[in-house]
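Let me begin by presenting the structure, written as structure tokens, before commenting on it.
The values are calculated or read from the model by the stated rules, or taken from the named source; none is laboratory data. On a predicted model such as this, the values are computed, not experimentally measured, just so you know. Cβ coordinates were reconstructed from backbone atoms using ideal geometry, including for glycine residues, and neighbour counts include every protein chain displayed. What goes into the accessible areas is simple: the full protein's heavy atoms, side chains included, and nothing from ligands, DNA or RNA. Shrake-Rupley method; radii C 1.70, N 1.55, O 1.52, S 1.80 Å.
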Amino acid sequence: MKAQRNWQLDILQLVLFVLVCAPLATGLPLHEWLSLLLVGPLVLHLLWHWNWVVGVFTRSSRKLPSPTQFSRAWNLLLFILMVVASVTGVLISQAALPFLGIHTAQDPFWKLLHQVSANLTLAVVGVHLAVHWRWIVNRLRGPARKVM
Ligand code: HEM
Ligand code: HEM
């Protein structure tokens with residue numbers, strides 16, 4: 001049940017994330033609204049793995065196997081990048097925030113930071129998916145071979 005729930009959420013996040021990474025294809029207004037929408041599934045994704053998060057951040061590194069230590073550092077990096085990309089996106093918003101009546105300054109520094117953090121996020125999500133590749137393949141193979 002939990003695995004099925006996680007799987008559906010992972011697919012939703014991935015589809016939204018791929019769309020968000022292609023603002024030229026979607027157009028800027030859709031890019032902004034989809035990015036804001038993505039925050040919901042991402043928060044849920046973190047909450048549904050909260051036991052893991054608490055487990056790895058309350059234990060000393062020496063007590064964790066190397067792959068878990070790597071995932072801990074990598075997920076932390078991913079979290080920081082996502083926050084930076086989302087916050088800088090809001091700061092340079094040209095459609096969503098003005099639509100809500102909030103004026104934004106078109107600061108070149110925030111634009112640059114948005115571009116850099118967004119491109120790094122793409123690479124870091126790629127490795128995050130690679131780390132979970134066996135889990136993904138098992139889900140794709142169907143119910144008989146599912147693992148938790
Ligand atoms: C495009 C976005 C993302 C996708 C498609 C994705 C996908 C996945 C997959 C397939 C898993 C393993 C299966 C599962 O239990 O769900 C997983 C685990 C996990 N993800 Fe994500 N994820 C994304 C973004 C994030 C972000 C931004 C964070 C923030 C830190 C994060 C944190 C975690 C954690 C803590 C776990 C469990 C621990 C682990 O084994 O790494 N994920 N994710
Ligand atoms: C995880 C979240 C996000 C990702 C991965 C992301 C990704 C991107 C990418 C790849 C670009 C093109 C950058 C380039 O020209 O090289 C871009 C541009 C842009 N994004 Fe986002 N974005 C995110 C969130 C947001 C949010 C929340 C907003 C506003 C509500 C936003 C507003 C913009 C704007 C206005 C541009 C055009 C910047 C310019 O004129 O150079 N983004 N974003």
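A few comments on the model shown:
- Going through (1) surrounded by 14 or more Cβ atoms within 10 Å (Cβ to Cβ); (2) hydrophobic (A, V, I, L, M, F, W, C); (3) more than 10 Å from ligand 2 (Cβ to nearest atom) one by one, A130 falls short only on (1).
This table checks each residue for (1) open to solvent by less than 60 Å² (accessible area, probe 1.4 Å); (2) in contact with a Ser or Thr (Cβ under 7 Å, 6 or more places away or on another chain).
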{"position": "L24", "(1), (2)": "no, no"}
{"position": "L30", "(1), (2)": "no, no"}
{"position": "V39", "(1), (2)": "no, yes"}
{"position": "H45", "(1), (2)": "yes, no"}
{"position": "W52", "(1), (2)": "no, no"}
{"position": "L76", "(1), (2)": "no, no"}
{"position": "V83", "(1), (2)": "no, no"}
{"position": "T88", "(1), (2)": "yes, yes"}
{"position": "L91", "(1), (2)": "no, yes"}
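Rundown of residues vs (1) in contact (Cβ under 8 Å) with a residue 24 or more places away in the chain; (2) within 26 Å of N138 (Cβ to Cβ), yes/no style:
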{"site": "Q13", "(1), (2)": "yes, yes"}
{"site": "L36", "(1), (2)": "yes, no"}
{"site": "L42", "(1), (2)": "yes, yes"}
{"site": "F57", "(1), (2)": "no, no"}
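- Filter pass, A144 being at pLDDT below 95, assigned to a helix (DSSP H, G or I) and away from ligand 1 (no atom under 16 Å from the Cβ): yes
- Selection status of A118, crowded, with 17+ Cβ neighbours inside 10 Å and within 14 Å of ligand 1 (Cβ to nearest atom): yes
- Residue check, V90 of a type in the set (V, I, T), within 18 Å of S117 (Cα to Cα) and modelled with pLDDT of 95 or more: yes
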